[in-house]
Number of protein chains: 2
Amino acid sequence: MRIAQLAPPFVPVPPTTYGGTERVVSILTEQLVERGHDVTLFASGDSVTSARLVPIVERALWYHETDNNDFTPFWAIALGKLASRLNEFDLVHNHLDFLAYPLSRVAGCPLVTTLHGRLDLPALTELYQEFADVPLVSVSNAQREPHPDANWVATVYHAVELDQLPLGPGDGGYLAYLGRISPEKGLDVAIRVARRSGLLLKVAARLPLPHENDPNAQADRVYFDNVVQPLLDCPGVELLGESDTRRRAAFLGRAAALVFPISWPEPFGLVMPEAMACGTPVLALRAGSVPEIVEDGLTGFICDDEDGLVDAVRHLPEIDRRRCRAEAERRFSPATMAAAYEQVYTRLLARTPDARVSGQHSGGIRALDRTTTPEWSGSPARR
Amino acid sequence: MRIAQLAPPFVPVPPTTYGGTERVVSILTEQLVERGHDVTLFASGDSVTSARLVPIVERALWYHETDNNDFTPFWAIALGKLASRLNEFDLVHNHLDFLAYPLSRVAGCPLVTTLHGRLDLPALTELYQEFADVPLVSVSNAQREPHPDANWVATVYHAVELDQLPLGPGDGGYLAYLGRISPEKGLDVAIRVARRSGLLLKVAARLPLPHENDPNAQADRVYFDNVVQPLLDCPGVELLGESDTRRRAAFLGRAAALVFPISWPEPFGLVMPEAMACGTPVLALRAGSVPEIVEDGLTGFICDDEDGLVDAVRHLPEIDRRRCRAEAERRFSPATMAAAYEQVYTRLLARTPDARVSGQHSGGIRALDRTTTPEWSGSPARR
């Protein structure tokens, strides 16, 4: 199958440190190449892949030295490069969200989108009314909740690099926090839970970016300065900075547990299966994808508040670390994810008559459009 | 000719008050219909047109009661609606800027873009390197300056509604300011020029919008509060609020002059030909399109600083108001603009083999792509 993978150009594929989406795209791309597909990866030029690389930009955007944080032109550039080569692919797998949807209507081959972000945002209701024909993959069932009637074709859980995240001993005597420092990720909760449990909290995290005009970055910075920083003045917290994959394995593998005290509908918390791969149970607050990833009492504990998390720390010895590893291998392996996406691709292609042939016979864009998805005729734009 | 006009959905077409782009799209659309073309207008649903209207949204976005100011999803909706109907048009005229460029590569008919905004912004260099094949219309020659090597196919000056802006007497004894209140539009300069000249300044302007997360709106608000408001406490300035077309004609027609003290490369200052249509000379600072629109000594004065503007006020009696009107009629009439765009369309279509036919023969998207513009083979993406 000739497959295009369209990745965000924020960080390289795979990322050297932070970058969940790019990490998943890398795992999928390498798996698909291994399985014999002809894969073209649209990503930043400093990406490393065994697929054919089409650079969207020379260097990943987050490494550009600029005050500019309006990356929209780069979205257009990425989609423009894809548009120039659409005839080379049987199927396009888009990880760039909704700006690719208009193109999908004239692409001449199926364009399927995995949504990596949250969907409970303004204006997305109008968006998914318009694009009721565009095939979507959710990364958890919870992610679909704001738009249950969109054209969901599958839920495919993210995979983690199992061979780079071996079963660890869990003998470090600390709780681990790994991820962005944002109000909704709850580092302050993690610090308090560790303190109340008499355990050290080790924090592997990038400090908030100083992008002045980005409201999210501003909020992260305010949260760090006003909420987190005061808590760091007391002992019991160790700030480690961003972790690469090798350090991540050691960091997670020696932890007594990962604390994941989120307060937002995170579509897929990649660090949960990463911890499980290292045999490390997850202590999480009930939100977003958590109940789909963690099995309460088996691979960690799902709690409703801070007190629940403190209580759960005492029950950690009940968790079998080898069972955590086994569940990660069963549910979150690269092969499992790649096989799931292969099924999605095959189903979409089976529903799609050969666009080029039908284009010849009926002579027009309309025929090319129609083949994109069978939901086409139900699109609001056609009514 | 079957023409699609793609307007921004911020305000209705035509706008009831503020909205230069939507006003120009309205004038062009009505002219094209009058000239016998089959025109489809993609715009907000509260637009009024004699063309076929395809609503992008029910109500114009600026009239939505929401804190949301990320309008990107509506760009995708607009382009999605266009993509659904591409087979219905011989040519698409895009006023939505660069997010339409990827679509232009698979549209199967020419897609020409009139750029309404400034082009000296970050990331646009990479953008126009990628989209060197996309045909562009500039609204002034000055606008092209940051990207001289882009695929410019014409400069077409905006038209004004001459019949709604009749020659006025200029007997009001005041200077007029009309437009947004932004630092780069120089209302503070206008106030000081009027004061130093012993003339009343009448200001027809919308107060800055309270969109908290939009850095431009924030800057406008800060400028208004800190720079303009203190100047309003003294007499000699009259704040009138936004003007509709009828009130605009009276407001401009009775003014001794329009003050246009901009300090930014404004691509096309629509209020300049509006004033000229009313017989009112323009006192402008030298920036952006000013030297292309105003003829120094004939339809106003082009100055280099505030002192120059004060000096120019004394020379206003040298300007013949009927000559201002005549120049507006000659250069900025709806018929002049529509004829210029017709030429652009005809030239682009002449260079474009029938996409549908060539698509049938060579059987593919590639063939459809290639017909979009003759510059195609030089596109960086193809190298």
**Sorted largest first, extent of chain A alpha carbons per principal axis (Å)** = 73, 44, 39
**Asked** Which distances, shortest first and in nm, link A:ARG247 to the matching position in the other copies, using label points set 7 Å out along Cα to C-beta?
**Response** 6.2
**Asked** So how far, in whole Å, is the C-alpha centre of segment B:1-24 from the one of segment A:307-327?
**Response** 60 Å
**Fill in**
In a Gaussian network model of chain A with springs linking alpha carbons closer than 10 Å, the residue among A:LEU316, A:LEU127, A:LEU175 that fluctuates most is A:LEU127
**Complete:** Between the residues B:GLY253, B:PRO235, B:TRP264, the Cα farthest towards the positive end of the dipole of segment B:227-276, that dipole coming from +1 and -1 charges on the beta-carbon of Lys, Arg, Asp and Glu, is from B:GLY253
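Work the Kirkwood hydrodynamic radius out for segment A:2-65: mean of 1/r over every pair of different alpha-carbon atoms, inverted, in Å. Walk me through the numbers before you get to the answer.
Working: mean 1/r = 0.0884 Å⁻¹.
Evaluated on segment A:2-65, it is 11.3 Å.
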**Prompt:** What is the Cα centroid distance between segment B:338-352 and segment B:262-302, reported in whole angstrom?
**Reply:** 28 Å
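What shape does segment A:111-224 take by its C-alpha gyration tensor, where a ≥ b ≥ c are the square roots of the eigenvalues and a/c under 1.5 counts as rounded, a/b above b/c as prolate, and the rest as oblate?
Values: a/c = 2.63, a/b = 1.57, b/c = 1.68.
The shape class here is oblate.
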**Item:** Label spacing, shortest first and in nm, from B:PRO148 to its equivalents in the remaining copies (7 angstrom along Cα→Cβ)
**Value:** 6.1
**Cβ-Cβ FRET estimate between B:ARG52 and B:ASP163, R0 fixed at 35 Å, reported to 0.05** = 0.90
**Asked** If you put a point 7 Å past Cα along the Cβ direction, how far is that point for B:ALA340 from the same point in each other copy, in nm, smallest first?
**Response** 5.6
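With charges only on Cβ, +1 for K and R and -1 for D and E, what is the dipole size of the protein assembly as shown about its Cα centre, in debye, rounded to 20?
1660 debye
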**Asked** Of B:VAL134, B:VAL25, B:VAL106, which is the most mobile in a GNM of chain B whose springs link Cα atoms less than 10 angstrom apart?
**Response** B:VAL106
**Estimated dipole of segment A:97-155 in Debye, rounded to 20 [Cβ of Lys and Arg +1, of Asp and Glu -1, Cα centre]** = 180 debye
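Okay, helix-only estimate at 222 nm for the protein assembly as shown: each DSSP H run of n ≥ 4 adds -39500 (n - 2.57), divide by all residues, round to 500 deg cm²/dmol; what do you get? It would help to have the intermediate numbers written out before the result.
On the way: 30 runs with 268 residues, N = 766.
Only helices count here, giving -10000 deg cm²/dmol.
For a quick check of your reading of the filter: which GluC sites (Glu not before Pro) in segment B:29-99 sit in a DSSP loop and have no more than 13 other Cβ atoms within 10 Å?
Values: sites: B:GLU30, B:GLU34, B:GLU58, B:GLU65, B:GLU88; in loops: B:GLU58, B:GLU65.
Sites meeting the loop and neighbour criteria: B:GLU58, B:GLU65.
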**Item:** Contact order relative to length of segment B:102-192, as percent, for alpha carbon pairs under 8 angstrom and 6 or more apart
**Value:** 21 percent
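What is the Cα convex hull volume of the protein assembly as shown when expressed per residue in Å³?
155 Å³
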**Message:** Please list 3J(HN,Hα) in residue order for segment B:142-159, calculated via the Karplus relation 6.51 cos²θ - 1.76 cosθ + 1.60 where θ = phi - 60°; whole Hz, with x for glycine and proline.
**Reply:** 4, 4, 6, 3, x, 9, x, 8, 5, 7, 6, 9, 5, 10, 10, 6, 5, 9
**Prompt:** Using modelled backbone amide H atoms (1.01 Å from N, in-plane), which distant-in-sequence or interchain residues come within less than 5 Å of A:PHE301's amide H?
**Reply:** A:VAL282, A:LEU283, A:ALA284
**Vicinal HN-Hα couplings computed from phi for segment A:318-334 (Karplus, 6.51 cos²θ - 1.76 cosθ + 1.60; Hz; Gly/Pro x)** = 6, 8, 8, 4, 5, 5, 4, 4, 4, 5, 4, 5, 6, 9, 10, 7, x
**Request:** Along Cα→Cβ, 7 Å out, is where each label goes; now give me the distance between the ones at B:THR72 and B:SER263 in nm to one decimal.
**Result:** 3.2 nm
**Item:** Under 26 Å from A:LYS185, Cα to Cα: lysines that are on another chain or at least 8 residues apart
**Value:** A:LYS202
**Asked** Which residue, A:ALA284, A:ALA78, A:ALA123, tops the fluctuation ranking in a GNM of chain A built on C-alpha contacts under 10 Å?
**Response** A:ALA123
**Fill in**
For segment B:16-26, in residue order, the Karplus 3J(HN,Hα) values (coefficients 6.51, -1.76, 1.60; θ = phi - 60°; whole Hz; Gly and Pro = x) are 6, 10, 6, x, x, 4, 5, 5, 5, 4, 5
**Asked** Relative contact order, percent, of segment A:218-288 when contacts are C-alpha pairs under 8 Å separated by at least 6 residues?
**Response** 31 percent
**Fill in**
Sorted by chain and number, the residues with a modelled amide H under 5 Å from that of B:ALA123, at a separation of 5 or more or across chains, are none
**Message:** Distance between the C-alpha centers of segment B:176-252 and segment B:25-93? Whole Å please.
**Reply:** 30 Å
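Give me the percent relative contact order of segment B:192-317, please, defined on Cα pairs under 8 angstrom at least 6 residues apart.
Details: 164 pairs, mean separation 26.9, N = 126.
Computed over segment B:192-317, the figure is 21 percent.
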**Message:** I need the shape label for segment A:1-113. Rule: rounded when a/c is under 1.5, else prolate if a/b > b/c, else oblate, with a, b, c from the alpha carbon gyration tensor.
**Reply:** oblate
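Computed from the coordinates by the stated procedures, all read-outs in this text should not be read as laboratory data. These numbers come from a predicted model, not from an experiment. Here Cβ is always computed from backbone atoms with ideal geometry, including for glycine, and neighbour counts include all displayed protein chains.
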